[in-house]
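Everything on this sheet refers to the single structure shown next.
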Amino acid sequence: MNNGMTRLEKYADITVEIGLNLQKGQTLIIDAPIHASEFVQQVVKVAYDRGAKVVMVEYTDEQVLRTKYEKAPEEGLKYYPEWKAKGYEKMAEDGAALLQVFSPNPNLLKDVDPERVSMAQKAIAEALRPFKSYQISGRMNWCIAAVPSKEWAKQVFPDHSEEESMQMLWEQIFDVTRTNTEYPVQTWKDHVETMNRSVRFLNDHNFNKLHYRSKNGTRFSVELPPLHKWMCANFTSETGISYVPNIPTEEVFTVPKKGSVNGVIHSSMPLNYNGYFISGFSLTFEEGKVVDYSAEKGYEVLKSILETDEGAKYLGEIALVPHNSPISNSELVFYNTLYDENASCHVALGEGLPIALEDGPEMSREKLAEMELNESLIHVDFMIGTADLDIDGETASGEVVPIFRNGNWAF
Ligand code: ZN
């Protein structure tokens, strides 16, 4: 059935069938910028073909948004219509699915007073909290997929014309989302199964310690909390729908035990933090805490990250991504976490994810701390995977099992 389909149609197919796994009779809410309308139109077609009851598209005009940030009175910035927030909540309650089309414009907020922006964003976040809780807690099937914007394309390919860079970014997106394969939906099913297999392998072994080493100087060990579980971004909603919230996704991840990291970690790719670059950096850990660090570029930014709060000096995530994967093979920096986070093995400084602990989402903050989960205002991923990275797992009985050899799964 793929013969004759355009790539945009295939990409829409992946988004609806794999990402959302939209069900017959479901309402689909689409949140998208107007410049992504061509993609949205394809998604709407696929959604109705799959038996959607109705598709509600909510377009944002980012120039209008910018003008609001600049010119609206404060009471306008703080306003979000209650009926609209209630409407979203009602749709979620009635079993709707949500697609967020992501198309960042890195220049949009240039020279806008950040205080006014955060005032408006806070008002939106507060008004939509009941609706978003359906998304965060997995009570609905949802998905984020990206579409190029002129500004984003120019950021990734600065030496090309606007038109060329747009084409090049589309090409890369089709590549890393596996749209450029003959049967993309089947390719995705296989890929999700591969990730789930790795998850099962890691959970079955119930490792309590991992050892990393790479020729770039990375050599450290990390313990895992007793209640940790390995996961990948293939979730099942409370309504029983299996979905993949991020297109693309490559990572298999869990949380480290706070206070257990010892050794040195070298970055393998530059870290883009709010538009600032940190590269060639390394962190030395003792009993979980960063005690020394260096950076070829962006030392001050790294310092400010580490000094955010006490938890910023501890790790909150460990993720495994094969070195041989589409994003890593592209050798590009996408300036976009959805993509860059999936480039290689990474760890995150800061907040640990409660979902990666058995019953974690139901635990209080105190209980999570007792379970040795790190707490911080930040969660900053950075890439540490290399072509020669080896990782061993150690079980409670001291058995050592290879997990990664030469940057890829060892089993
Ligand atoms: Zn991650």
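A few points about this structure:
- Here Gly76, Gly87 are screened, and the one residue that is of a type outside the set (D, E, K, R), surrounded by fewer than 16 Cβ atoms within 10 Å (Cβ to Cβ) and closer than 30 Å to Glu17 by Cα is Gly87.
- Search result, residues across the range 93-124 that are modelled with pLDDT of 90 or more and of a type in the set (Gly, Ala, Ser): Gly95, Ala96, Ala97, Ser103, Ala120, Ala123
- Members of the range 333-359 found to be modelled with pLDDT of 90 or more and more than 16 Å from the ligand (Cβ to nearest atom), listed by number: Glu358, Asp359
- Hits in the range 130-149 (condition: within 25 Å of Glu9 (Cβ to Cβ) and over 18 Å from the mean Cα position of the chain (by Cα)): Ser149
- Checklist (1) buried (at least 23 other Cβ atoms within 10 Å of the Cβ); (2) away from the ligand (no atom under 12 Å from the Cβ) applied to Glu250, failing item: (2)
- Extreme residue, farthest from the ligand (Cβ to nearest atom), among residues of the range 234-247 that are touching a residue at least 24 places away in the same chain (Cβ under 8 Å) and not in a strand (DSSP E or B): Thr239
- Filtering the range 337-360 to residues that are over 18 Å from Ser267 (Cβ atoms) and either touching a strand residue (DSSP E or B) at 6+ places or on another chain (Cβ under 7 Å) or among the aliphatic types (A, V, I, L, M) (or both) leaves Leu338, Glu351, Gly352, Leu353, Ile355, Ala356, Leu357.
A quick yes/no check of all residues on (1) within 22 Å of the chain's Cα centre (by Cα); (2) of a type outside the set (D, E, K, R); (3) more than 30 Å from Gln63 (Cα to Cα):
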{"position": "Gly4", "(1), (2), (3)": "no, yes, yes"}
{"position": "Arg7", "(1), (2), (3)": "no, no, no"}
{"position": "Gly19", "(1), (2), (3)": "yes, yes, no"}
{"position": "Gln26", "(1), (2), (3)": "no, yes, yes"}
{"position": "Ile30", "(1), (2), (3)": "yes, yes, no"}
{"position": "Ala36", "(1), (2), (3)": "yes, yes, no"}
{"position": "Phe39", "(1), (2), (3)": "yes, yes, no"}
{"position": "Val43", "(1), (2), (3)": "yes, yes, no"}
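- The number of residues in the range 315-332 being away from the ligand (no atom under 16 Å from the Cβ) and touching a strand residue (DSSP E or B) at 6+ places or on another chain (Cβ under 8 Å) comes to 1.
- Residue ID - nearest to the chain's Cα centre (by Cα), chosen from residues in the range 158-194 that are of a type in the set (A, V, I, L, M) and surrounded by fewer than 21 Cβ atoms within 10 Å (Cβ to Cβ): Val192
- Screening Thr6 on (1) of a type in the set (Val, Ile, Thr); (2) surrounded by fewer than 21 Cβ atoms within 10 Å (Cβ to Cβ); (3) modelled with pLDDT of 95 or more shows it passes everything except condition (3).
- Just one of the listed residues (Gly393, Gly360) is in contact (Cβ under 8 Å) with a residue 12 or more places away in the chain, out of contact with any Lys or Arg (no Cβ under 8 Å at 6 or more places or on another chain) and not acidic (Asp, Glu), namely Gly360.
- Number of residues in the range 9-59 that are assigned to a loop (DSSP other than H, G, I, E, B) and surrounded by fewer than 15 Cβ atoms within 10 Å (Cβ to Cβ): the value is 3.
- Cβ-Cβ under 9 Å pairs, at least 6 apart or on other chains, the range 297-325 side on the phi > 0 side of the Ramachandran plot, far side part of a loop (DSSP other than H, G, I, E, B) and more than 16 Å from the ligand (Cβ to nearest atom): Gly298/Pro270
- Every residue from the range 262-298 that is within 24 Å of Leu210 (Cβ to Cβ) and within 16 Å of the ligand (Cβ to nearest atom): Ile265, Ser267, Ser268, Met269, Leu271
- Test: Ser304 is surrounded by 17 or more Cβ atoms within 10 Å (Cβ to Cβ) and out of contact with any helix residue (DSSP H, G or I) (no Cβ under 6 Å at 6 or more places or on another chain): no
- Taken over the range 274-296, the criterion of being out of contact with any helix residue (DSSP H, G or I) (no Cβ under 6 Å at 6 or more places or on another chain) and at pLDDT below 95 is satisfied by Asn274, Gly275, Phe277, Ser279.
The values are calculated or read from the model by the stated rules, or taken from the named source; none is laboratory data. Since the model is a prediction, treat every value here as computed from it, not as a measurement. As a convention, Cβ positions derive from the backbone with ideal geometry for all residues, glycine included, and neighbour counts pool all protein chains shown.
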